[in-house]
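Working notes, beginning with the structure itself.
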Amino acid sequence: MQKPDWDTYFMTIALAVRARADCTGNRVGAILVQDKFIVATGYNGTPAGAKNCSEGGCERCAHPERFPSGQGYDLCICVHAEANALLMAARVGIRTQGSTLYTTMRPCFGCSVSLAQAGVQRIVYLHEWSHPDPAYRASYEALQARFPGGVERLEIDDPDADWAVRNRRV
């Protein structure tokens, strides 16, 4: 058996973290890695103590027919996986400057802003995401270009790829 390279190894762990996600629109897992050590994990779902999406805790997830892709974010209480990883690191005082984020979906605009501000060096993602409004795509790409170590897609098998594609909402 051949050992996986580091990117594959860490993305496989991000896939395992995703199993805890409870968002009914998209399940995402993320991990922050510093010097080849996992320093924080995160998955998307409602804040601690709130009803989960599958229990009706998020208005946007509970009524997808009322919220087309890219709309209704002001009613969504879900915390994105990438933000959750940053918040977990902050909660216990772990430095994020120079880290790499592994995530099962390319970070959205808001998460990308937070990751850049937190000093994340590099992003490795599995599934593509692009801004639903074409007018903002150039700004999104410019923001992603600011990560010193780059933003790159990793091509590995996703055991839940069919589910992810069928249920993708942004």
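The values are calculated or read from the model by the stated rules, or taken from the named source; none is laboratory data. These numbers were taken from a predicted model, which means no experiment stands behind them. All Cβ positions, glycine included, derive from the backbone under ideal geometry; neighbour counts span all protein chains shown. Each accessible area value is taken on the protein alone, full model and side chains, heavy atoms only, with ligands, DNA and RNA left out. Shrake-Rupley method; radii C 1.70, N 1.55, O 1.52, S 1.80 Å.
Assign unit charges at the C-beta atoms only (+1 for Lys and Arg, -1 for Asp and Glu), then state the dipole size of the chain relative to its Cα centre in Debye, rounded to the nearest 20. Walk me through the intermediate numbers first.
Numbers: 18 positive and 18 negative charges, 68 e Å.
Rounded to the nearest 20 debye, it is 320 debye.
Quote the relative contact order of region 1-150 in percent (integer), defining contacts as alpha-carbon pairs under 8 Å separated by 6+ residues. Write out the running numbers ahead of the final one.
Details: 283 pairs, mean separation 32.3, N = 150.
Relative contact order comes out at 22 percent.
With springs connecting C-alpha atoms under 10 Å apart, model the chain as a Gaussian network and identify which of His127, His63, His80 has the largest mean-square fluctuation.
Maximum fluctuation in the GNM of the chain, among the listed residues, is at His63.
Given R₀ = 25 Å, what would the calculated FRET efficiency be for His127 paired with Ala62, taking r from the Cβ atoms and rounding to 0.05?
Values: r = 24 Å, r/R0 = 0.94.
Result of the calculation: an efficiency of 0.60.
Compute the FRET efficiency between Gln117 and Glu55 as 1/(1 + (r/R0)^6), taking r as their Cβ-Cβ distance and R0 = 35 Å, and round to the nearest 0.05. Please list the in-between numbers first.
Numbers: r = 32 Å, r/R0 = 0.92.
It comes to 0.65.
What is the distance in Å between the Cα centres of region 70-119 and region 1-48?
Cα centroid of region 70-119 versus Cα centroid of region 1-48: 12 Å apart.
What's the carbon and sulfur percent of the chain's accessible surface, probe 1.4 angstrom, rounded to a whole number?
Details: 4790 of 9210 Å².
Summing carbon and sulfur atoms, their accessible area is 52 percent of the total for the chain.
Read through the labelled values (i) 24.4; (ii) 16.2; (iii) 18.6 and report the label of the one computed as Kirkwood radius over Cα pairs in Å from the structure.
For Kirkwood radius over Cα pairs in Å, the calculated option is (ii).
Could you pull out every Cys in the chain that lacks a partner Cys with its beta carbon under 4.7 Å away?
Unpaired cysteines in the chain: Cys23, Cys76, Cys78, Cys108, Cys111.
Just by accessible area at a 1.4 angstrom probe, what is the order of Arg18, Arg95 from largest to smallest?
Arg95, Arg18
Over region 15-56, give the accessible area per residue in Å² for a 1.4 Å probe, as an integer. Display every interim value, and only then the final one.
Working: 2000 Å² over 42 residues.
Per-residue accessible area for region 15-56 comes out at 48 Å².
Run the numbers on region 23-91 and let me know its relative contact order in percent, using alpha-carbon pairs under 8 Å that are six or more apart.
Values: 113 pairs, mean separation 27.2, N = 69.
Over region 23-91, the number comes to 39 percent.
Relative contact order for region 81-150 using alpha-carbon pairs under 8 Å, separation at least 6, rounded to a whole percent?
Working: 87 pairs, mean separation 22.8, N = 70.
Over region 81-150, the number comes to 33 percent.
What is the distance, in nm, between label points placed 7 Å from the Cα along the Cα-to-Cβ direction at Asp160 and at Tyr136?
Roughly 2.5 nm, to one decimal.
Ignoring GluC sites (Glu not before Pro) that are buried or in helix or strand per DSSP, and keeping those with at most 14 other beta carbon atoms within 10 Å, what is the longest stretch of the chain between them?
In the chain, the maximal stretch lacking such sites is 1-127.
Just the accessible area per residue of region 62-123, please: how many Å² with a 1.4 Å probe?
On the way: 3030 Å² over 62 residues.
Accessible surface, normalised per residue, equals 49 Å².
To the nearest 10 Å², what's Tyr136's accessible area with a 1.4 Å probe?
Number for this one is 120 Å².
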